[in-house]
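A short write-up of the structure that comes next.
The values are calculated or read from the model by the stated rules, or taken from the named source; none is laboratory data. Being a predicted model, the structure only gives us computed values, none of them experimental. As a convention, Cβ positions derive from the backbone with ideal geometry for all residues, glycine included, and neighbour counts pool all protein chains shown. For the accessible areas, the whole protein counts, side chains as well, though only heavy atoms, and no ligand, DNA or RNA atoms are used. Shrake-Rupley method; radii C 1.70, N 1.55, O 1.52, S 1.80 Å.
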Amino acid sequence: MSTSSPSLGFSELSHAMQVAHLRKVARQALVQFGLSQFTLTLVQHAYNTTFKVATPHGVFALRINVNSDRTVEQVRGEVAWVEVLSRDPGVSVPSPHQTLEGEPLVLIESPYFPGPLVVVLYEWALGRHVHRNPPSKIGFLIGQTMVRLHQSASTFEFPDGASRPLMESVLEGLEWQVPETDAFCRPYQLATEALARHSTASPRITHFDIHLGNIKLEKGQLHLFDFDDCVLAWPMIDAAQSMFYLRHSTNGREIERRFWKGYGSVPQDHGMSIADFEALVAGRALLFANHFMAVVTSTLAARAQKAIQRVEFQLKSYLDTGYYDSQLKPPET
């Protein structure tokens with residue numbers, strides 16, 4: 001059984017109408033999670049939708065997979081890995097919450113979607129967000145966390161009925177959505193070649209989306225959440241995904257330097273050239289752009305064209321310099 005892409009009807013709803021409908025979905029799901037007294041607060045309505053759930057028994061994060069195409073089996077795989085990580089003293093992740101029947105997820109039917117919406121519930125992540133002006137030390141903490149996740153993944157085995165997809169292409173199974181210009185096609189070729197060179201060893205489960213929006217800080221400790229993107233991939237390819245985002249910060253180069261110090265090694269130590277690493281960072285930019293073009297969430301769809309123009313400008317610079325600079329912006333027209 002798999003989740004399905006939203007129908008045209010949902011994409012035509014306003015932001016307020018989309019959120020109102022998903023709030024009803026959340027309420028239905030919370031009953032199955034055994035929660036009858038709660039207050040719902042919208043946290044994010046973007047690729048997926050997250051509500052903060054305050055109850056007499058604790059605070060939780062409820063996620064509804066709106067644009068995600070993960071199957072039920074794959075969501076079970078996500079929750080299974082997070083459950084293992086929640087018992088690992090080397091990392092801090094929110095524990096998943098089960099339904100009254102002991103299930104890790106809930107399926108809710110919606111008239112706007114051809115298949116049921118998948119809903120999961122986690123403990124609320126502690127700490128504060130560091131979206132703006134992040135301290136450079138955040139790079140070291142992210143590096144430490146990532147290497148610990150890679151170590152855990154090397155021995156992790158999925159339980160029956162659970163899995164995650166294998167990263168077989170830099171677009172992660174997405175259809176090509178961006179213009180077929182050299183600025184997009186040439187980096188895609190380079191990233192595809194780099195992926196082929198470094199996907200020969202056994203893959204392991206990776207978070208695949210560690211960036212400032214998916215972490216919090218509390219008294220110097222990093223708390224990591226949002227495992228919806230996790231896939232079977234390879235450590236340095238996972239690192240390249242994060243670098244696309246970490247370089248957005250004004251102090252991105254220093255954050256990156258500290259990241260590798262926290263990780264304890266650099267791509268060359270893993271047999272990966274700088275050129276291949278940069279190609280994979282560019283590959284993440286292509287994945288980001290194609291995701292943006294396919295979403296139906298109203299607020300993201302409204303920003304799509306500007307986001308694609310910025311990625312195209314950055315990709316052109318990458319082709320000229322060999323370095324993917326996520327901070328670059330096209331000149332105002």
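So which pairs qualify, if the first residue must be in the stretch 44-59 and in contact (Cβ under 8 Å) with a residue 24 or more places away in the chain, the second must be assigned to a loop (DSSP other than H, G, I, E, B), the Cβ gap must be under 6 Å, and the two must be at least 6 apart or on different chains? Short answer, once both residue conditions are applied: A46/T297; Y47/N67; N48/N65; N48/V66; N48/S68; T49/V66; V53/F38; V59/W124. Here is the figure for the stretch 107-133: residues that are closer than 23 Å to L212 by Cα, open to solvent by less than 90 Å² (accessible area, probe 1.4 Å), assigned to a loop (DSSP other than H, G, I, E, B) and not small (G, A, S) total 3.
Yes or no: I237 touching a strand residue (DSSP E or B) at 6+ places or on another chain (Cβ under 8 Å), within 22 Å of L319 (Cβ to Cβ) and of a type in the set (A, V, I, L, M, F, W, C)? In short, yes. When D238, D229, D160 are checked against the criterion of being open to solvent by less than 60 Å² (accessible area, probe 1.4 Å), of a type outside the set (V, I, T) and assigned to a loop (DSSP other than H, G, I, E, B), a single residue qualifies: D229. Restricting attention to the stretch 295-333, and to residues there that are buried (at least 16 other Cβ atoms within 10 Å of the Cβ) and touching a His at 6+ places or on another chain (Cβ under 8 Å), which single residue is modelled with the highest pLDDT? Restricting to residues being buried (at least 16 other Cβ atoms within 10 Å of the Cβ) and touching a His at 6+ places or on another chain (Cβ under 8 Å), the top hit is S326. A count restricted to the stretch 32-72 and to residues that are open to solvent by less than 10 Å² (accessible area, probe 1.4 Å) and under 27 Å from F292 (Cβ atoms) stands at 7.
Scan the stretch 160-176 residue by residue and report those that are of a type in the set (D, E, K, R) and at positive phi. Listed by number, the list holds a single entry, E172. Apart from one condition, V84 fits all of (1) over 22 Å from A26 (Cβ atoms); (2) loosely packed, with under 15 Cβ neighbours inside 10 Å; the exception is (2). When the test is whether a residue is open to solvent by 10 Å² or more (accessible area, probe 1.4 Å), without any contact (Cβ under 8 Å) to a residue 60 or more places away in the chain and either assigned to a helix (DSSP H, G or I) or touching a strand residue (DSSP E or B) at 6+ places or on another chain (Cβ under 8 Å) (or both), Q268 passes it.
A single member of P104, P89 is in a loop (DSSP other than H, G, I, E, B) and without any contact (Cβ under 8 Å) to a residue 24 or more places away in the chain, and it is P89.
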